Amino acid sequence: MTGTLLDVRGVRKVYEGHGRSVEAIRDLTFTVAKGEMVCVVGPSGAGKTTLLKCIAGLLAPTSGEVVLEGEAVAGPPPGMAVVFQEYGRSLFPWMTVRGNVELPLKQKKLPRARRVELLHQALDAVGLGDVHGAYPWQLSGGMQQRVAIARAIAYEPRILLMDEPFAAVDAQTRADLEDLVRSLWQGLGVTTLFVTHDIDEAVYLGQRVLVLSAAPTLVLDDVTVDLPAERDQLSTRSSARFAELRGHLFAQIQRAKTYHPPDPPHPPGGN
Amino acid sequence: MTALLRRAARNTLAAAALPIALLALWWVFTADSDSYYLPPLSDILASVDDVWLHSGRLRTDVLPSLLRLLAGFTLAVLLGVGVGVAIGSSRRLRAFCEPVLEFLRAIPPPVLVPVLMLFAGIGNTMKVLVIVSGCVWPILLNTVEGVRAVDQVLLDTARCYGVRGPARLWHLIIRSASPQIVTGMRQGLSIGIILMVISEMFAASNGLGFSIIQFQRTFAVTEMWTGILLLGLLGFLLATAMRVFERRALNWYLGLRQTQRGGDR
Amino acid sequence: MTSTPAPPTRAPRVDGTRRTRLPGNTALLGVLGFATFLALLEVVPRLGIVAPGYLPPVSRIGVALVELAGESAFWTALGDTVRGWFLGLLIAVALGIVVGFVLGATPILREATASTIEFLRPIPSVALIPLAVLVFGTNLRSVLLLVVYAAFWQVLVQVLHGVQDVDPVAQETARTFGLGRLARIRHVTWPTALPYLLTGVRLAAAVALILAVTAELVIGAPGLGNEIGVAQSGAAVARMYALIIVTGLLGVAVNVLARQLERLLLRWHPSIRREVPA
């Protein structure tokens, strides 16, 4: 494997509320190598979104740090693209599909010709070559999420974060989108961190799967998915190895639901 | 095709029937009216030409009124949206300003006419300021609400993709708040028309409000009625213009809402 | 778990956590804001940035306010304004409800009147001022004409929206259970339209106050507006400001009352229930 791209070191996140504090994340430490596809799976309420926001620089961790290509993240780093779960809320409803994909490119001050090129490439890649002029809300949920993905890849990120992107679409669309993400990753080689609550999805997509515990969150397990690189919905999902990995992860998640890390005798992150 | 035509004809009829009937009633009932207050509609309509067109009042009175309204309204929009975005973006600033704003916007704007007369005399400046002082509150407060309601996911998205500075202000904040801003503009415009008239009734040497009140003071009742009708027509036309603007500016919003409602149930 | 070296645990909090809430600060900031506003109104004329003849220091206005409170004429004027506002609002709301329900419940009427309403609504009520003066003179009836005209449309439009918003499924359900026309209005239409009606009342209450004061100011009907006009022509500047402040306070009271009414009558309604924690 090539060098480390993303290094998450002892990240802890405590939300301070009205006189009480909630520890969402106790200690997360892991790395993602350049070009890797890593899935993060955990029971609901496992602080997955908090983790993603910390990595994206949208939230500052209470302690610990996120290092991207050797630089500590403080605020959203350039070269990172995020696809949010709420596709309906992450696309600008007053812009056409084209406007949505182009806006970040304009912010990068790319010349017009290059913008147009990226726009066409990205929309073709997600299979939306013919809806440039439509508004997002005129499209189905799956298509909206495709637009969000197109916006992310047109941005030419070094790392792509995806926060349960398919949680709100129907099963058939979901399978299609999973294959899309797989093929984009293989085609572009972009490092991808994919957060999901769906074990099958994690196994199907990832090279590695990180299992998170319930809040306060820890990394419980780091499983390498040794399935062949060429995967398809039918044969991969029915293979014996898939079932085995899935069974293993399922057991882990069951454990994760009930696992509560002992209160640390001294501040967390310590060894 | 014929069904479509028939439908269109039916809609036009439905829209036009009552207004025509009302005007006809007015016409008939006042036809041989010798009431001092209620001259025959025919007389009123016949004198429109004399009072407003031939005399040049359209240019000397209506145009200045409209220009003052336009100036005041434009200033109020700039001020309201500018300050509203600032206040809406900062929780602290909002907490700081809110009670004062609550008080200021509760003052009925026409009472500021005497105040502004002190500062700016009775010229155009005073009248424009009066219009601004009334129009600005609904625009400001609605902008604050709109900016507050910007979706958190959109804010995050913009941050992630490096959308900041003027692009963030325009493409994210103002566009997102535009439905509320336009609502504020619509409310502001109707207050603006009222203030345009009142500032002229109070102290002026020209203007639509001035003319109407002159007619009333000189007991030129028929002329007064033409003024009232003209003012009504103006109010209607401005509201229609506002609606056209709204349709165009909020095209996306109307479409979005329709799909949301259709998808809900 | 891991053997990564521990980062400093009590890391300085970065902006992410500070933004969560400002408990108690909101009210404090508000008071501070108001104090600053008053201080500015005191200092600006005292420093001569604005001539005190145009804007007296706020302390002088305060004195004028106290003087006003001692005059029975002031209380009469206040009473006149409140009466004009309240009666006008009451008539407008009653008319708005009746007309709104009749038109809303009868599709043909609704369609036939739509264009007329759209035409009449934006007509500025101040256009009626000369007519009011000629016909009624400078008394309460003039005020009422303007107030009712302006407030009526606010109520009517909201009621029409509300009646139209009735869920057809609920309407059908009520029909299959054999509810009569009146019972359906009582149990289906009315509860749906009530939130809209109250929004209309809130908007109408504010507009009614504006028009009540305007009528007094421009026509000269007795009330606060007229007092402001008198103070202005008598160059009693501090008194004029004091009266304006009273109209502002009246406006605040109207807004607060209308909102309380909405809360009280719509406790069961989701829009209010959602609003409370915010």
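Take the residues of the range A:134-155 that are within 22 Å of A:Arg114 (Cα to Cα) and free of Cβ contacts under 8 Å to residues at least 40 places away in the same chain: which is surrounded by the most Cβ atoms within 10 Å (Cβ to Cβ)?
This residue is A:Arg146.
Please specify each residue of the range B:199-223 satisfying the condition of being in contact with a Gly (Cβ under 7 Å, 6 or more places away or on another chain) and surrounded by fewer than 24 Cβ atoms within 10 Å (Cβ to Cβ).
Selection gives B:Phe215 alone.
Is it fair to say B:Trp225 is among the hydrophobic types (A, V, I, L, M, F, W, C), more than 14 Å from chain C (Cβ to nearest Cβ) and either out of contact with any helix residue (DSSP H, G or I) (no Cβ under 7 Å at 6 or more places or on another chain) or under 30 Å from C:Ile219 (Cα atoms) (or both)?
Taking the combined requirement at face value, the residue does not satisfy it.
Let me confirm something: among C:Leu95, C:Leu87, C:Leu109, which residue is assigned to a helix (DSSP H, G or I), within 14 Å of chain B (Cβ to nearest Cβ) and out of contact with any strand residue (DSSP E or B) (no Cβ under 9 Å at 6 or more places or on another chain)?
Criteria check complete, one pass: C:Leu109.
Considering only the range C:114-127, state which residues are facing chain B (nearest Cβ under 7 Å), free of Cβ contacts under 8 Å to residues at least 40 places away in the same chain and within 23 Å of C:Arg141 (Cβ to Cβ).
The answer is C:Ile123, C:Pro124, C:Ala127.
Taking into account only those residues within the range A:207-241 that are out of contact with any Gly (no Cβ under 6 Å at 6 or more places or on another chain) and within 12 Å of another protein chain (Cβ to nearest Cβ), which is nearest to A:Arg182 (Cα to Cα)?
Looking at the filtered set, the residue picked out is A:Asp222.
Please specify each residue of the range C:134-173 satisfying the condition of being at the interface with chain B (Cβ under 9 Å from one of its Cβ atoms) and buried (at least 20 other Cβ atoms within 10 Å of the Cβ).
Passing the criteria: only C:Ala150.
Please note which helices (runs of 4 or more DSSP H) are completely contained in the range C:135-249 and include at least 1 residues that are within 21 Å of C:Arg110 (Cβ to Cβ).
Once the helices (runs of 4 or more DSSP H) in the range C:135-249 are filtered for at least 1 residues that are within 21 Å of C:Arg110 (Cβ to Cβ), what remains is C:140-164, C:168-176, C:181-184, C:190-219.
What strands (runs of 3 or more DSSP E) completely inside the range A:1-77 contain at least 2 residues that are free of Cβ contacts under 8 Å to residues at least 60 places away in the same chain?
A:4-16, A:21-33
Of everything in the range B:139-172, what is in contact with a Leu (Cβ under 9 Å, 6 or more places away or on another chain), more than 10 Å from every other protein chain (Cβ to nearest Cβ) and in a helix (DSSP H, G or I)? Give them in sequence order.
Once the filter is applied, which keeps residues that are in contact with a Leu (Cβ under 9 Å, 6 or more places away or on another chain), more than 10 Å from every other protein chain (Cβ to nearest Cβ) and in a helix (DSSP H, G or I), the range B:139-172 yields B:Ile139, B:Leu140, B:Leu141, B:Val144.
Considering the range C:43-77 alone, what residues qualify as being within 27 Å of C:Arg141 (Cβ to Cβ), surrounded by fewer than 19 Cβ atoms within 10 Å (Cβ to Cβ) and among the aliphatic types (A, V, I, L, M)?
The answer is C:Ala73, and nothing else.
Just wondering, is there one or more residues in the range A:78-98 that are farther than 26 Å from A:Arg146 by Cβ and either surrounded by fewer than 21 Cβ atoms within 10 Å (Cβ to Cβ) or at the interface with another protein chain (Cβ under 9 Å from one of its Cβ atoms) (or both)?
Checking the range A:78-98: not a single residue is farther than 26 Å from A:Arg146 by Cβ and either surrounded by fewer than 21 Cβ atoms within 10 Å (Cβ to Cβ) or at the interface with another protein chain (Cβ under 9 Å from one of its Cβ atoms) (or both).
Only one of (1) assigned to a helix (DSSP H, G or I); (2) more than 23 Å from the chain's Cα centre (by Cα) is not met by B:Asp34, so which one is it?
(1)
Read-outs throughout are calculated quantities, based only on the coordinates presented, and are distinct from any laboratory measurement. Nothing here was measured: the structure is a model prediction, and the numbers come from that model. Methodologically, a virtual Cβ is constructed for each residue, glycine included, from the backbone with ideal geometry; neighbour enumeration extends over all protein chains shown.
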